[in-house]
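Values quoted throughout were computed directly from the atomic coordinates according to the rules given, and no laboratory measurement underlies them. Predicted model only: the values in this text are computed from it and were never measured. Reconstructed Cβ throughout: ideal geometry from the backbone, glycine too, with neighbour counts over all protein chains shown.
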Amino acid sequence: METILQFKNVYAGYGRVQVLADLSFEVKTGEVFGVIGPNGCGKTTMFNALLGLITPSRGEIRFGGADITRKSPDERCRMGIGRTYQVPRPFEHMTVFENVLLAAVYGGRHSEKSGYPVAEAALRRTGLSGKRNLPSGKLTLLDRKRLEIARALGTEPKLLLLDEVAAGLTESEVHDVMALVESLKQDGQTIIWIEHVIETMVKSTDTLMCMSTGTQLLVGEPAAVMDSKEVEEVYLGVEDEADVC
Ligand SMILES: Nc1ncnc2c1ncn2[C@@H]1O[C@H](COP(=O)(O)OP(=O)(O)OP(=O)(O)O)[C@@H](O)[C@H]1O
Ligand SMILES: [Mg+2]
């Protein structure tokens with residue numbers, strides 16, 4: 001499989017606070033690449049660096065063969081990197097459809113007219129067609145998560161970034177999200193998925209990376225990563241501090 005994304009020895013943070021330290025990994029086209037790691041280890045920061053919201057002080061990020069380390073967030077979105085937010089943040093006064101159309105028009109490369117079918121497809125894909133005219137603020141948490149994914153799909157991403165889309169959901173709702181991610185994968189969608197629900201990650205990902213303090217601790221076949229001593233230790237260390245993931 002072709003490599004779609006590479007982080008090469010990336011250092012990045014917020015002002016003087018360095019979070020990512022020598023982070024390297026690569027993602028292949030068509031895979032679901034899972035990312036786990038204790039709270040505050042830098043998972044969302046890795047997404048921020050990938051999206052261009054923060055600029056690495058050292059290292060390189062390559063996407064689709066191009067060096068994107070210093071490209072703007074808009075350029076990266078147009079190149080095909082689409083994201084969900086850890087905390088869903090739709091425009092609440094707008095309808096479900098309008099939210100997704102907005103993503104297709106501003107995040108994608110569409111006019112309002114050509115964005116319509118893209119938004120329709122994203123709603124169908126996420127099971128939200130029947131709720132298209134509801135104000136987004138009226139949605140349940142599960143549907144807000146679906147809408148986050150639909151908005152990301154509206155930008156027609158080559159690479160979809162999911163940040164804790166299963167967080168806060170009941171067990172059966174987590175299964176719904178897993179089924180949705182699985183169906184996106186069947187469509188050939190490449191996905192990086194950050195999640196704390198370990199069982200979900202082992203079942204639903206092709207490759208799993210565990211991060212610890214801003215760097216890669218281990219990457220590989222999901223069950224093997226979870227069975228490793230290094231990963232067990234990083235989670236036990238967290239438990240000792242009563243900060244369980
Ligand atoms: N905007 C910011 N300004 C300064 N520091 C930040 C900012 N955002 C995050 N941090 C710090 O960067 C570190 C990594 O945070 P990040 O959100 O990337 O962790 P995470 O692995 O996504 O955690 P979680 O599992 O809780 O979502 C933390 O110490 C956090 O306090
Ligand atoms: Mg996070």
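The table for this structure:
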{"item": "Above-threshold pairs, the threshold being 22 Å between Cα atoms, out of Lys138/Lys203; Lys43/Lys203; Lys113/Lys145; Lys8/Lys28; Lys203/Lys229; Lys145/Lys203", "result": "Lys138/Lys203; Lys113/Lys145"}
{"item": "C-alpha long axis of helix 141-154 to longest principal axis of the chain, angle in °", "result": "80"}
{"item": "In degrees, nearest ten, helix 229-240 long axis to first principal axis of the chain (Cα)", "result": "80"}
{"item": "Positive-end residue, the range 1-138 charge dipole about Cα centroid, Cβ charges, pick of Val35, Ser114, Leu5", "result": "Ser114"}
{"item": "Three principal axis lengths of the chain [C-alpha, angstrom, descending]", "result": "50, 40, 36"}
{"item": "Principal-axis tilt of helix 112-125 within the chain, Cα atoms, nearest 10 degrees", "result": "60"}
{"item": "For the chain, calculated [θ]222 nm from helices alone, where every DSSP H run of n ≥ 4 adds -39500 (n - 2.57)", "result": "-11000 deg cm²/dmol"}
{"item": "Exposure proxy ranking, count of Cβ atoms within 10 Å, fewest first, for Arg70, Arg146, Arg76", "result": "Arg70, Arg76, Arg146"}
{"item": "Charge dipole magnitude, Cβ of K and R +1, D and E -1 - the range 99-245, Cα centre, debye nearest 20", "result": "1360"}
{"item": "Cα centre as origin, Lys/Arg/Asp/Glu Cβ charges: the chain dipole, Debye", "result": "1300"}
{"item": "Fewest-first ranking of Ile61, Ile68, using other Cβ atoms within 10 Å as the exposure measure", "result": "Ile68, Ile61"}
{"item": "Global geometry of the range 37-178, whether rounded, prolate or oblate, following the gyration tensor of its Cα atoms and the 1.5 cut on a/c", "result": "oblate"}
{"item": "Furthest towards positive pole of dipole, Ile191, Leu139, Thr207, structure part the range 100-245, Cβ charges", "result": "Leu139"}
{"item": "³J(HN,Hα) computed for each position of the range 79-85 - Karplus, 6.51 cos²θ - 1.76 cosθ + 1.60, integer Hz, glycine/proline x", "result": "6, x, 10, x, 9, 10, 8"}
{"item": "For Val35, distant residues with modelled amide H under 5 Å away", "result": "Trp193, Ile194, Glu195, Met209"}
{"item": "Prolate/oblate/rounded call for the range 126-184, Cα gyration tensor, a/c under 1.5 rounded", "result": "oblate"}
{"item": "Likely footprinting exposure, Met226, Met211, fewest C-beta neighbours within 10 Å first", "result": "Met226, Met211"}
{"item": "Net dipole in debye of the range 82-157 [+1 Lys, Arg Cβ; -1 Asp, Glu Cβ; about Cα centre; nearest 20]", "result": "180"}
{"item": "Choice from Thr213, Thr155, Thr205 with maximal GNM fluctuation in the chain (Cα, 10 Å cutoff)", "result": "Thr213"}
{"item": "Proximal charge balance of Ala167 [Cβ under 10 Å; K/R count +1, D/E count -1]", "result": "-2"}
